[in-house]
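These notes are about the structure you will find just below.
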Amino acid sequence: SELIRGFLLSGMPSPSSCPPGLLALMAPGLALMATFSLPSQAGDRRALPVEKPPGVKGRTLILLDVNTKSPVRIISENFLSLQLDPSIIHDGWLDFLSSRRLVTLARGLAPAFLRFAGKRTDFLQFHNVKNPAKSRGGPGPDYYLKNYEDDIVRSDIALDKQKGCKIAQHPDIMLELQREKAAQMHLVLLKEQFSNTYSNLTLTARSLDKLYNFADCSGLHLIFALNALRRNPNNSWNSSNALSLLKYSASKKYNISWELGNEPNNYRTLIGRSVNGSQLGKDYIQLRSLLQLIRTYSRANLYGPNIGRPRKNVIALLEGFMKVAGSTVDAVTWQHYYIDGRVAKVTDFLKTRLLDTLSDQIRKIQKVVNTYTPGKKIWLEGVGATSAGGMNNLSDSYAAGFLWLNTLGLLASQGIDVVVRHSFLDHGHNHLVDQNFNPLPDYWLSLLYKRLIGPKVLAIHVAGLQRKPRPGRVIRDKLRIYAHCTSYHNHNYVRGSITLYIINLHRSRKKIKLAGTLRDKIVHQYLLQPYGKDGLHSKLVQLNGQPLAMVDDGTLPELKPRPLRAGRTLVIPPLTMSFYVVKNVNALACRYR
């Protein structure tokens, strides 16, 4: 706090009285989100109003420094991870996970977890058969073209002949037919989602092989969520089908981690009866016992209970679960969606009030977990900008990135170990890759994050001109800054470098002067902006003015920075997201892994 106090002018509250997490520094049209290292009150945030005093003309600079001595948090190397929904069995996309283009895109986000779970998790049945043409669920071959499934089988046979990673180059006509099928199935899936009534899904051994092949070839660790709604008459979990799946996976020596169920707080609306936290805890203990009986999975990780938004009844379920099985799981999980996708507007993604809704949830989850199992890791799974499948040209547009990048920064600063993005490829419009296998804006944002951001989170210190706001005035923070050690995997930067990432929600540009340990250092800028006439609705992006696109099916583009001279003021354009690598800081916190 002494370092912070040295930057602040008289009239600003002492930082030692400010909670950790996020410090907001605000002026009319100027605000800052920053991370502080006061662990005793982790998770709290207080707004500090800042304005230009009367008579001061010209621009107001934000002075920015970073505590380079030690990190305030250390998150998982797999912090940014991915999810695939079981609906890909229904609409047929699972058969195309061997596509070279999809594998290339997924490899770009490794290392990461790949969670196979979603609304249809608890309607998924494993069937140990190898002939997909006879066992695949959903419409038959007459649904679109008679020879379609025969093409899939021929593709499978060709893949089986390959050694190691099984990669396919599907003909354009085959992909075109699949997109036709998926478009028609999308309506069926949406109808199920809105009515909250789901049909059973069959996962064959062949399908599981394809899923694991995709994860393994992409450098992702598969997490498989088992069906928790197979219940015995006494409401205990019926593990017979799960045991069949476990035995098959073990016979193939698949390295998989496990979960049980998805959003157990919604079971009453799904099947007319609920499963309380205590019973769910017993079910997890039963699953742990099953895993220990199978040599391949005797030490496998187990995560859960993947509850929904932590309202009062959900918190009660979590408390019941933690009392019984808190020590059984390796991380406690929950999920969050910001907006109902059916009513979302582009202006919603610019509302700081919406960006901040996650902070309260984090505090609620942390309070319960730390009561029963202090220090237990917490994951946010299944996070997305919008629920209900999202909205075209909105949740898959540049605008959605503001929520996504702020989610990453906020969760890391609060010590959430992993965030699982819903979804890598999916029906609807919440995904990172569309059904033409083209990366969307959030994919490029995620790729930059993976390339530039390391697991060590640093405290940011800011200072600027300020005075008290007028009584009753509400100012919201629209400039958000986070800092990490630069990724050790990026060999373009020596250890000790620092990466800042900045969200500017203002409709005017903002200026930041690097101070203290960051002063007079060379900076590399990675400015991500929408590309084309659609503006915030655009599904295309440019990096430092150059459009981003894959070079070919096996090659991602080079992410070229724009070098800024030492000591130059950072100019942040309006309504943009950007990364800044401060080179050769030789930060003590960042020298060693």
Ignoring everything but the protein chains, give the 1.4 Å probe accessible area of TYR198 in square angstrom, nearest 10.
-> 20
Which whole-number percent gives the relative contact order of segment 271-390, counting Cα pairs below 8 Å spaced six or more residues apart?
-> 31
Express in Å², to the nearest 10, the accessible area of THR373 obtained by rolling a 1.4 Å probe over the protein heavy atoms while all chains stay in place.
-> 20
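In whole percent, what relative contact order does segment 520-563 give with Cα contacts below 8 Å and a gap of six or more residues? Write out the running numbers ahead of the final one.
On the way: 54 pairs, mean separation 16.7, N = 44.
Reported relative contact order: 38 percent.
Defining a contact as two alpha carbons under 8 Å apart and six or more residues distant in sequence, what relative contact order in percent does segment 182-291 show?
The value is 24 percent.
So with the 1.4 Å probe, I'd like the accessible area per residue for segment 267-424, rounded to whole Å².
Per-residue value: 36 Å².
Stokes-Einstein D for segment 471-593 at 25 °C, 0.890 mPa s, Kirkwood Rh over Cα pairs, in µm²/s?
Details: Rh = 16.0 Å.
My calculation gives 153 µm²/s for D.
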Give a residue-ordered list of calculated ³J(HN,Hα) values for segment 220-225 (Karplus: 6.51 cos²θ - 1.76 cosθ + 1.60, θ = phi - 60°; whole Hz; x for Gly, Pro).
-> 10, 9, 6, 10, 10, 8
So what does the Cα-only Debye profile of segment 359-419 read at q = 0.18, 0.19, 0.28 Å⁻¹, as log10 I(q)/I(0), no solvent term?
-> -0.70, -0.76, -1.19
Do any of LYS345/LYS539; LYS377/LYS456; LYS166/LYS253; LYS478/LYS513; LYS367/LYS450 go past 22 Å between their Cα atoms, and which?
-> LYS367/LYS450
At 25 °C and 0.890 mPa s, what whole-number value in µm²/s does Stokes-Einstein give for the translational diffusion of segment 317-464, with Rh from the Kirkwood sum over Cα pairs?
-> 149
In terms of solvent-accessible area of protein heavy atoms at a 1.4 angstrom probe, what is the ranking of ILE74, ILE572, ILE294, highest value first?
-> ILE74, ILE294, ILE572
Let me know the volume per residue of the alpha-carbon convex hull for segment 248-397, in Å³.
-> 144
Using only protein heavy atoms and a 1.4 Å probe, report how much of HIS422 is accessible, in Å² to the nearest 10.
-> 20
Inter-label distance for ASN234 and LYS533, nm, one decimal - labels placed 7 Å from Cα along Cα-to-Cβ = 6.9
For segment 175-325, the Cα convex hull volume per residue in Å³ comes to 140
When the Cα centres of segment 507-580 and segment 349-379 are compared, how far apart do they sit, in Å?
-> 30
Here the alpha-carbon Rg of segment 527-593 over 2.2 N^0.38 Å rounds to 1.42
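What's the carbon and sulfur percent of segment 226-274's accessible surface, probe 1.4 angstrom, rounded to a whole number?
Ligands and nucleic acids excluded, carbon and sulfur give 45 percent.
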Between beta-carbons, use under 15 Å as the cut-off and find the net charge around ARG311, counting Lys and Arg +1, Asp and Glu -1.
-> +3
Determine the principal axes of the Cα atoms in segment 346-389, then give the extent along each, sorted from largest to smallest and rounded to whole angstroms.
-> 40, 22, 13
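For the full complex of protein chains and a 1.4 angstrom probe, list ARG480, ARG311 by accessible area with the highest value first.
From most exposed to least exposed: ARG311, ARG480.
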What list of ³J(HN,Hα) couplings, whole Hz, do you get for segment 233-246 from phi and the Karplus terms 6.51, -1.76, 1.60, once you set θ to phi - 60° and write x for glycine and proline?
-> x, 8, 6, 7, 6, 8, 9, 4, 5, 4, 5, 4, 5, 4
Mind jotting down a quarter of the surface of the convex hull over the alpha carbons of segment 241-301, in square nanometres, one decimal?
-> 4.5
Tell me, what HN-Hα J-couplings in whole Hz come from the Karplus equation 6.51 cos²θ - 1.76 cosθ + 1.60 at θ = phi - 60° for each residue of segment 67-84, using x for Gly and Pro?
-> 6, 9, 6, 8, x, 8, 8, 10, 9, 5, 4, 9, 3, 8, 10, 10, 10, 10
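Could you work out the local net charge near HIS489, counting Lys and Arg as +1, Asp and Glu as -1, over the other residues with Cβ closer than 10 Å to its Cβ? If you can, show how the numbers build up before the last one.
Numbers: positive: LYS450, ARG451; negative: GLU77.
Taking every Cβ under 10 Å from that of HIS489, the sum is +1.
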How would THR407, THR357 rank on accessible area, largest to smallest, probe 1.4 Å?
-> THR357, THR407
Label point 7 Å beyond Cα of ARG591 along Cβ direction - residues of segment 484-519 with amide nitrogen under 14 Å = 495-497
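The values are calculated or read from the model by the stated rules, or taken from the named source; none is laboratory data. These numbers were taken from a predicted model, which means no experiment stands behind them. Cβ coordinates were reconstructed from backbone atoms using ideal geometry, including for glycine residues, and neighbour counts include every protein chain displayed. Accessible surface is based on the protein model in full, side chains and every heavy atom, while ligands, DNA and RNA are left aside. Shrake-Rupley method; radii C 1.70, N 1.55, O 1.52, S 1.80 Å.
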